[in-house]
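*Asks:* Below: one structure in structure tokens.
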Amino acid sequence: MKKISVLIALSMVCFSSLGQGLVLRQDNIDEILSQLTVREKASLVVGAGYKSMLAGQFGFKVPVPGAAGMTRAVPRLGIPAIVLSDGPAGVRIEPKRKGSDATFFCTGFPIGSLLASTWNQELVKKVGAAIGNEALEYGIDVMLAPGMNIQRNPLCGRNFEYYSEDPLLSGTIAAAYVRGIQSQGVGACLKHFAVNNQETNRFWNDAQVADEVLREIYLRNFEIAVAQSKPWTVMASYNRLNGIHTQEDKWLLTDVLRTEWGFDGLVMTDWTGRRNTAAQIAAGCDLMEPGKRSQIRELVRKVRRGELSEQALDSCVCRVLDLIVKTPAFKGYKPSQAPDLTSHAEVAREAAEEGIVLLKNEAGTLPLAAGSRAALFGVGSYQLLAGGTGSGHVHRPYVVNLEEGLSREGFSVSPQLSGLYREHIANHRPRKSFMAGMLGSPAAPEMSLSREIVNAAAAEADVAIVTIARQAGEGGDRHLPGDFLLTDLEKQLLADVCEAFQGQGKKVIVVLNVGGVIETASWKQLSDAIVLAWQPGQEGGTALARILSGRVCPSGRLPVTFPVDYFDLPSSKNFPYDYTGRGSMSGGRDKDRDVRNVGYTVYEEGLDIGYRAYQKAGAPEVSFPFGFGLSFTTFEQGEPVYAGNTVSVSVRNTGSVAGKAVVLIGGPLLRAFGKTPLLQPGETTTLVLPLLP
Ligand code: BGC
């Protein structure tokens, strides 16, 4: 009888809490925490696996097929699952779904290096807002972007996702992007924290960096972005830092990020699979992605055995719940599945136009004379690379190439060349595969042309444009021959085109459709003009053509130094360059856990990164310096006036066409920057810029 009454009393307690319908609210996280079992707590810090990423292939039922990951729900307490998606150049989800004719394309925005080349925070914020809006309307809660590792060495395969060699530019542009995404009620994620500056052996590499260098360069940009934009989340990196995997590094994630910088959001792992789960929780890494059930079991076991404090787990769970209550999923937002791709394409074009950098323009080669006929050389002219491969790839609805862009601007192109290149591209269509579909396919190889064909083009066209294209992506670093350096075929093509066209007094323009820095010093004197288009997103061809035609005045500036020789770069001494020329996919498994035996990179160049390395007496020349970029107009900049934490500078357009100017303040190091609005000839403006302390 006593037993029965106890049972009745117990069930009344349970029912009373259910009866009150205890569900997660913004203001009851502590109460919810007290109701969660240890298993439920563990399930909240372990992601829901690869289901959403692989849904397109296997037909799994998930809210957003192709999204990188999810969290796990606890329905009895009203805790929903939330959806996380890549990536920096736009939302990366499956564009089509089994059994449906609807499409879910996302706008392909320009890559990170191009966004940084705009030096325009308002514009980058606009890009972030458009991406955030697409995320919202497709049912994403957190965007796994921006990517913001320092571009330490040009061979890093993911530099295209990142911004700059300079921490102020990188951190400030990242902050603008985050503010844009989060203005839509969707979270952003600063990644990859930290010191993920190479792809070779990326899961295990130990980046060995002195504290002073970390503080001044590799953490500084993250610190700036945290302070300026309050990101909802941060992603730890794959690599180790001074011996410790960053996702297990309490010093990095708790002492520096939270205690020193005041970050109050969530930290997640990169998509590592299983590592030392308990160490991660203890370090303050709140969410393990993509997440395995075995990690949940391990956490429960460790808490029960007293090997992991439940308090530490609770702190992570609270941060997961803090994140969840901010999300559209929690707020019951019903995604329309129909973001305004047309207006976002305009934003992509606008960004591309401001981030394209004019590197050379001899004797007014550009703008092109109205109605000119252009001979387009190089596969990239017809198959423009909008972005890089890997998780930064975006399933965009189309890419405008240079040929289409020029035609829209009223130029004609040589039909014979166009026919040849189109046939070549059709013959080199990459084989369809799941991975290529998900992460992007390689471009067609460059094509050789006979002297006769080049000469014939020179006879009928007014001007030549040679596009040099480079593709790179996640999982491998770039190579010197054929990548950083021009290939023999490209050198020959450039030499032949210059001889044929310049021999007839016709100009040659080189377009660089690249994700990262390439060698320019050995050939730049050949061409009359050089335009760095980067990988300019789906509207790249439109933007490029509008610059070539002069409708848009170029205003991009380099966020990174172009060296004369790769080996001039101090980091070339230890960057793990693969001399075999083979792909360098991620390294093996860390079986013995001996941190010294699985690869490391000593950042022995210290602070000599990017332009900082070239400021010393006796430093080598550069091919194009940090901050460089030409315009079709001229500007006069007044003396900077310093007042407290700001500096004001007046800028006057002294040329004959409207344009925007970039202002860089500093010396020897960048301390402030800004971009003017469009200034008409004769117009003056004054920029008031915050100074980096
Ligand atoms: C990448 C991250 C990405 C994640 C999810 C990882 O391999 O390093 O940048 O967000 O995959 O796709």
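*Asks:* Can you work out which of the residues in the stretch 13-64 that are part of a helix (DSSP H, G or I), modelled with pLDDT of 90 or more and hydroxyl-bearing (Ser, Thr, Tyr) is most open to solvent (accessible area, probe 1.4 Å)?
*Replies:* Among them, the one singled out is 34.
*Asks:* Quick check on my filter: what residues within the stretch 171-196 are in contact with a Phe, Trp or Tyr (Cβ under 8 Å, 6 or more places away or on another chain) and more than 16 Å from the ligand (Cβ to nearest atom)?
*Replies:* Answer for the stretch 171-196, where residues must be in contact with a Phe, Trp or Tyr (Cβ under 8 Å, 6 or more places away or on another chain) and more than 16 Å from the ligand (Cβ to nearest atom): 171, 172, 173, 182, 185.
*Asks:* I would also like to ask the following. Just give me the residues in the stretch 190-226 being surrounded by 20 or more Cβ atoms within 10 Å (Cβ to Cβ) and basic (Lys, Arg), in sequence order.
*Replies:* 191, 202
*Asks:* Hey, could you check the stretch 350-395 for residues that are among the polar types (S, T, N, Q) and within 16 Å of the ligand (Cβ to nearest atom) and say which is farthest from residue 442 (Cα to Cα)?
*Replies:* 391
*Asks:* Can you give me the number of residues within the stretch 660-690 that are open to solvent by 70 Å² or more (accessible area, probe 1.4 Å) and basic (Lys, Arg)?
*Replies:* The number of residues fulfilling the criteria is 1.
*Asks:* Determine whether residue 415 is open to solvent by 10 Å² or more (accessible area, probe 1.4 Å) and free of Cβ contacts under 8 Å to residues at least 12 places away in the same chain.
*Replies:* Answer is yes for this residue.
*Asks:* Right, next: Taking the stretch 455-483 only, how many residues are away from the ligand (no atom under 16 Å from the Cβ), surrounded by 21 or more Cβ atoms within 10 Å (Cβ to Cβ) and outside any loop (DSSP other than H, G, I, E, B)?
*Replies:* Adding up the residues that qualify gives 10.
*Asks:* Now a separate question. Please give the number of the condition residue 238 fails out of (1) over 17 Å from residue 323 (Cβ atoms); (2) without any contact (Cβ under 8 Å) to a residue 40 or more places away in the chain; (3) surrounded by fewer than 24 Cβ atoms within 10 Å (Cβ to Cβ).
*Replies:* Condition (2) is where residue 238 drops out.
*Asks:* Just one of 336, 309, 315 is hydroxyl-bearing (Ser, Thr, Tyr) and outside the structural domain of residue 138 (by TED's automatic domain parsing); which is it?
*Replies:* So the residue among 336, 309, 315 that is hydroxyl-bearing (Ser, Thr, Tyr) and outside the structural domain of residue 138 (by TED's automatic domain parsing) is 336.
*Asks:* Among 299, 257, 266, 287, which is the only one that is within 27 Å of residue 197 (Cβ to Cβ) and either more than 15 Å from the ligand (Cβ to nearest atom) or open to solvent by 10 Å² or more (accessible area, probe 1.4 Å) (or both)?
*Replies:* Unique residue meeting the criteria: 257.
*Asks:* What's the total number of residues in the stretch 422-454 that are touching an Asp or Glu at 6+ places or on another chain (Cβ under 8 Å), part of a loop (DSSP other than H, G, I, E, B) and open to solvent by 50 Å² or more (accessible area, probe 1.4 Å)?
*Replies:* So the count comes out to 0.
*Asks:* Among the numbered criteria (1) outside the structural domain of residue 553 (by TED's automatic domain parsing); (2) in a strand (DSSP E or B), which one does residue 359 miss?
*Replies:* All conditions pass for residue 359, except number (1).
*Asks:* Among the listed residues 375, 370, identify the single one that is touching a strand residue (DSSP E or B) at 6+ places or on another chain (Cβ under 7 Å) and among the small types (Gly, Ala, Ser).
*Replies:* 375
Conditions tested, residue by residue: (1) under 19 Å from residue 108 (Cα atoms); (2) in contact with a Cys (Cβ under 6 Å, 6 or more places away or on another chain); (3) part of a strand (DSSP E or B); (4) of a type in the set (Asp, Glu).
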| site | (1), (2), (3), (4) |
| --- | --- |
| 128 | yes, no, no, no |
| 164 | no, no, no, no |
| 171 | no, no, no, no |
| 176 | yes, no, no, no |
| 181 | yes, no, no, no |
| 190 | no, no, yes, no |
| 212 | no, no, no, yes |
| 225 | no, no, no, no |
| 228 | no, no, no, no |
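*Asks:* Restrict the check to the stretch 461-471 and report whether at least one residue is modelled with pLDDT under 95 and out of contact with any Lys or Arg (no Cβ under 7 Å at 6 or more places or on another chain).
*Replies:* yes
*Asks:* Could you list all residues from the stretch 617-643 that are of a type in the set (Ser, Thr, Tyr) and part of a loop (DSSP other than H, G, I, E, B)?
*Replies:* 631, 633, 634 - these are the residues of the stretch 617-643 that are of a type in the set (Ser, Thr, Tyr) and part of a loop (DSSP other than H, G, I, E, B).
*Asks:* So, residue 365, is that one more than 26 Å from residue 143 (Cα to Cα) and of a type in the set (Val, Ile, Thr) or not?
*Replies:* Spelling it out, residue 365 is indeed more than 26 Å from residue 143 (Cα to Cα) and of a type in the set (Val, Ile, Thr).
*Asks:* Quickly run through the stretch 271-284 and pick out the residues that are within 16 Å of the ligand (Cβ to nearest atom) and touching a Leu at 6+ places or on another chain (Cβ under 7 Å).
*Replies:* Residues satisfying the conditions do not exist here.
*Asks:* Residues being within 13 Å of the ligand (Cβ to nearest atom) and assigned to a loop (DSSP other than H, G, I, E, B): count how many of those fall in the stretch 153-162.
*Replies:* Summing the residues that are within 13 Å of the ligand (Cβ to nearest atom) and assigned to a loop (DSSP other than H, G, I, E, B) in the stretch 153-162 gives 4.
*Asks:* Step by step: first the residues of the stretch 96-126, then only those that are open to solvent by 20 Å² or more (accessible area, probe 1.4 Å) and either in a loop (DSSP other than H, G, I, E, B) or within 16 Å of the ligand (Cβ to nearest atom) (or both), then the one that is nearest to residue 182 (Cα to Cα). Which residue is that?
*Replies:* The extreme case among them is 120.
*Asks:* Let me ask something additional. Say whether the condition of being away from the ligand (no atom under 16 Å from the Cβ) and at pLDDT 95 or above is met by at least one residue in the stretch 140-151.
*Replies:* There is no residue in the stretch 140-151 that is away from the ligand (no atom under 16 Å from the Cβ) and at pLDDT 95 or above.
The values are calculated or read from the model by the stated rules, or taken from the named source; none is laboratory data. Predicted model only: the values in this text are computed from it and were never measured. All Cβ positions, even for glycine, are placed from backbone atoms using ideal geometry, and neighbour counts span all protein chains on display. When the accessible area is computed, the model is the full protein with side chains, heavy atoms only, and any ligands, DNA or RNA have been set aside. Shrake-Rupley method; radii C 1.70, N 1.55, O 1.52, S 1.80 Å.
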